[in-house]
1. Could you tally the net charge around Ile359, taking each other residue with its Cβ under 10 Å from the Cβ of Ile359, Lys/Arg +1 and Asp/Glu -1?
2. Gap in Å between the Cα centre of segment 268-345 and the Cα centre of segment 12-78?
3. Multiply the residue separation of Arg628 and Arg313 by 0.36 nm, subtract the distance between their alpha-carbon atoms, and state the gained length in nm to one decimal.
4. Please report the relative contact order for the chain, taking Cα pairs under 8 Å with a sequence separation of at least 6, and give it as a percent rounded to a whole number.
5. Enumerate the aspartates and glutamates that Lys301 could reach by cross-link, defined here as Cα to Cα under 16 Å, with residues fewer than 8 away along the same chain left out.
6. Quick check on the chain: what does the Kirkwood estimate of hydrodynamic radius come out to from the alpha carbon pairs, in Å?
7. Looking at this model, which pairs from Lys175/Lys241; Lys294/Lys440; Lys523/Lys633 are more than 25 angstrom apart at the alpha-carbon?
8. Can you list the chymotrypsin sites (Phe, Trp or Tyr not before Pro) in segment 529-574 that are in a DSSP coil and have 12 or fewer other beta carbons within 10 angstrom?
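The values are calculated or read from the model by the stated rules, or taken from the named source; none is laboratory data. Just so it is clear, the structure is predicted and the values come from calculations on it, not from any experiment. As a convention, Cβ positions derive from the backbone with ideal geometry for all residues, glycine included, and neighbour counts pool all protein chains shown. We work out accessible area using only protein heavy atoms, side chains counted, and drop any ligands, DNA or RNA first. Shrake-Rupley method; radii C 1.70, N 1.55, O 1.52, S 1.80 Å.
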Amino acid sequence: MDASYLNQNDYTPVGDIMTMALCFVAGLVLMLNSVNRNDRNYRLMLSMVISVLFAAFTGLFFHVMLGAETLNTPAIYALRILNRTFLSFVQVQYVIYLREPLWMKADGYKRFIAAISVIAFAPIIIDIIGIVNHFGFYIYGNSIYSGFTIYPFGYAAFELVIFYLIIRYRSRMIKQIFRCLITVNVLSLLLTAIQGTHHQTSFTSFAYFIPVIGLMFMFHANPYDQDTGSANDISFTHELKTCIEKNRPLIMICCSINDFYNKMQESPELKAEFFRFFRQNIKHGVLYRFTDGKFVLTLRKQKKGNFDRAVGRMLNDFYSSHEIFGIDYKLIVAETVPEITSPADYIRLFEFMEDEVGINETHRVTESDVKLFLNSSYILSELRDISSRRDIDDERVLVYCQPVFNIVTGTYDTAEALMRLKLPETGLVFPDKFIPIAEKNGLIHQLTLTILNKTCREIHDLLAEGYHLNRISVNFSTLDLRQELFCEEVQDIIIRNDIPYEKVAVEITESRGEVEFNCLKSKVTELQELGIKFYLDDFGTGYSNFERIMELPFDIIKFDRSLLIESVKNDSSRYMVSTFASMFNDLNYSVLFEGVEDERDEEHCRCMFAKYLQGYKYSKPIPIGNLRDFLQKTA
Ligand code: C2E
Ligand code: CA
Ligand code: CA
């Protein structure tokens, strides 16, 4: 028979022992490193490591048994087949793993895996046939024969498939990942080739392990931050996604501490306290750090009773640490709910709640918070849509208005336009619910243009119908005045509606910054030169800088309702408000009092140099069409 006696010298256990040790290390690091143990890729990776471990183990014993005095033939055959089966498992799982990074599509993928499995497992069948028919590896009597062996060919065929996949889909990977995959597979091939030329089999399992190590470093590398032991926000998204998919409740404690990271670097005591807190409280949870410096701790919810107590204990410990260091914080405790189904929305929920929660407060997110949040998300999505459509006739934007009473003429000859939204799912939405969202997300500008357009159209109609109307004011946000083409856009809308410029007034509030002010000034001057009037809105609420107010020739100063409330309360306030009003009067500004609710308010305003009055006493905001009920016809 053409079979050579197997030379025992071609195997040393070093390779397999080393591979087993490496598998232990890799498995350990992988487990400690991975935040989300339910992740598909994590399980695949762990399963590959375990397969290599078993392959090395069975390979080692196979060779140990080959060296025994009396050969245990069934055990040797079993170990050989097992060894090869584990190695084939590694290969198939490797390709399955590549599906995500290479975005291999779902259709036809199962057939593809079946084909790969044939390439991986066919050599084992051939080897078994060889054993039975004595043409490959076999034992006869007490002698070992090794003739033709299919495995190197199987291995080469498999590597060819891998190279084909990596090269075919290289545009779907970043360069670094592509290079890594190519390098590790080339190294694996090289090792196998060197082994082959030296008639060695010691490093077979190691050669299979090399590509796995490459994937592990690329996709399962350390997500923990060295200084805080926290994982990154991407891992947070992964964990949350799995919990949502598997319907597993998760508690999230979100902590915002201003500049905590830097503070911790500067204070070793704070760092020590942080780690003490961490060690004592975070046994089963994971801490994540977000780029904006906020931390989120996630805890898988187990038994409810114990759980609430554990959270309570942790919070108490946190408060006592806070007493020592006194750094301002905001804590938000939330649980996954069926209504919110994307990790990004939970991050937005935290941001939303942060605006609602005060400094050094802890807030547990309630059902009604979630409702409010969902409502605001809905508003945001509608605002995005309005903004992207750029339709200045958008039907969702409604113009309400409040007629303004002119004390001098005793008539209503001006009004303020006030915006409302009418959204398909929620109906009428008031400005306090959507203006802050629009401003925060840079979506206010389209709303301003729309309300301006609709107001101008109404002014046009009212004038055409013969009503006496001095002007209607529209509220502009400071963000509008930052728009480069703002003046042209405003001009264009007014011209398009064919009305005189002076029939439009713009209400703006004071701005703080120097740059902001200069920008404001140039825009205001440009529009004023056309004839557009300007009102200073909410005087008395912010920071009033007279020098600046004087620099902008406003037509009307609108005294905020808070000034009226104060002046009604006591004499000294009234004296102060009245002095301001008198001063503005002397400087040729008209004074308008906002929020006049009753007879008594009106009396006060009349004594305080008011020219215009606006408030519920005269009318609540009404749809702009109803303004006709307040205006007089010109004779
Ligand atoms: P604002 O410009 O100070 O508008 C006056 C607000 O006071 C209006 O609330 C009005 O309904 C309310 N108000 C009127 N009379 C009285 C009264 O007698 N008593 C009390 N307590 N309140 C009274 P609204 O319409 O809810 O608007 C709230 C804020 O939203 C406005 O305050 C303004 O800052 C903003 N806003 C409204 N429409 C627009 C708009 O088209 N563009 C911009 N950028 N902001 C707008
Ligand atoms: Ca206003
Ligand atoms: Ca106001």
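1. Computed value for this residue: -1.
2. 39
3. Values: separation 315, 0.36 × 315 = 113.40 nm, distance 6.34 nm.
Full extension from Arg628 to Arg313 adds 107.1 nm.
4. Taking the mean separation of contacting Cα pairs over the length of the chain, I get 9 percent.
5. Glu239, Glu245, Glu335
6. Working: mean 1/r = 0.0318 Å⁻¹.
Hydrodynamic radius (Kirkwood, Cα pairs) of the chain is 31.5 Å.
7. Flagged as over cut-off: Lys175/Lys241; Lys523/Lys633.
8. Passing both the DSSP loop test and the Cβ count: Tyr543.
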